[in-house]
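A short write-up of the structure that comes next.
The values are calculated or read from the model by the stated rules, or taken from the named source; none is laboratory data. Keep in mind it's a predicted model, so treat the numbers as computed, not measured. Glycine gets a Cβ as well: all are built from the backbone with ideal geometry, and neighbour counts include every protein chain shown.
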Amino acid sequence: MSADVRLEYDQLPSLAPSYLRAATTFSSSLSRDKTIPSMVATMCGLDIRAEHLARYRRVCGFARESTLPVTYPHVLAFPLHMAVLTNKQFPLKLLGLIHVRNDITQHRAININESLDLTVLIEGHREVSKGVEFDLITRVADAHGEIIWEGSGAMLSRQSTRSGDSKESGSSVKPRISRSEKVQLDFVPEHETTWSVPADIGRRYAKAAGDYNPIHLSPWSAKLFGFPRAIATGMWTKARVAAELAPHLTQDAYTLALGFKKPVFLPSAPCFKYETDAHGADFALVNDKSDKLHLAGSVRYL
């Protein structure tokens, strides 16, 4: 695979240098004739660490099984994400990026004893009404070179766009939201569960996943970035969704797609609503008291 920037590792890179570069990078724009270069980071032969997996399962609510949680490969690849997003050739500032959508396709369940090859890549951008958007893509292959897991996260960098008539790129998840008093969903929920999201979930997830974004850690660090309180990490909410749905899914190969809408402030008690059928599931996380939609998405069997 050819790329403008290629990073190859024989072990996962340390996160400390990436966080240092993130904290000292202030440029956050693209010149008119530039785009994000093609960037690829790879690491082969990754073995799962039992203690790391156990910590992740506990904080996200996954049961102990012989296969990996569907969202766990995202965490495995997180050091590669950081290496790419803080590389000197990446033209946008990491702090302030907004995760707006995330799609995961699991082609088969991944055994905890498998050795995995990871690839992370970015190429180009698109202009949307709120700024610049790009896809952070992750692929996981098994020992035979077969891709068994793929993830795509749409990331937004808020800035002035160069085309006044630019439109938001299409999301795979577009729930209908009524202007009436209650959020109107595209499905009729069969089940509802109230989550108890504690004030320290951002710090607990950071210890499990390595994601120490300050907007998730404390009210004081979140206020530095304009938030009144800390907010739950988007990939923690997706993992919690996956853990909630896991006992109801009848197949191992599926796509789990969602759009992040409004932040979950900490602490919080949002309501998770979902239905399942022969094709998968539809779900949403809402705050019934404030009529706020936090996220919405679907599972579709392959």
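Overview of values
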read-out: Residue that is crowded, with 22+ Cβ neighbours inside 10 Å, within 24 Å of S298 (Cα to Cα) and either among the charged types (D, E, K, R) or in the same structural domain as T233 (by TED's automatic domain parsing) (or both), where the choices are R101, R108, R57; value: R101
read-out: Segment 113-132 - residue that is out of contact with any Pro (no Cβ under 9 Å at 6 or more places or on another chain) and modelled with pLDDT of 95 or more and, of those, surrounded by the most Cβ atoms within 10 Å (Cβ to Cβ); value: V120
read-out: Single unsatisfied condition, A154 versus (1) within 27 Å of T67 (Cα to Cα); (2) over 16 Å from the mean Cα position of the chain (by Cα); value: (2)
read-out: Residue among A239, A208, A246 that alone is more than 19 Å from G153 (Cβ to Cβ), part of a helix (DSSP H, G or I), of a type in the set (G, A, S) and at pLDDT 95 or above; value: A246
read-out: One residue from V59, V70 being under 14 Å from the mean Cα position of the chain (by Cα) and either in a helix (DSSP H, G or I) or at pLDDT 95 or above (or both); value: V70
read-out: Considering residues of segment 8-37 that are part of a loop (DSSP other than H, G, I, E, B) and basic (K, R) only, the residue modelled with the highest pLDDT; value: K34
read-out: Residue check, P91 more than 18 Å from A209 (Cβ to Cβ) and in contact (Cβ under 8 Å) with a residue 40 or more places away in the chain; value: yes
read-out: Failed condition for V40, given (1) farther than 30 Å from S196 by Cα; (2) touching a residue at least 12 places away in the same chain (Cβ under 8 Å); (3) in a helix (DSSP H, G or I); value: (3)
read-out: Filtered residue count, segment 10-24, keeping only those that are more than 15 Å from G210 (Cβ to Cβ) and over 22 Å from the mean Cα position of the chain (by Cα); value: 2
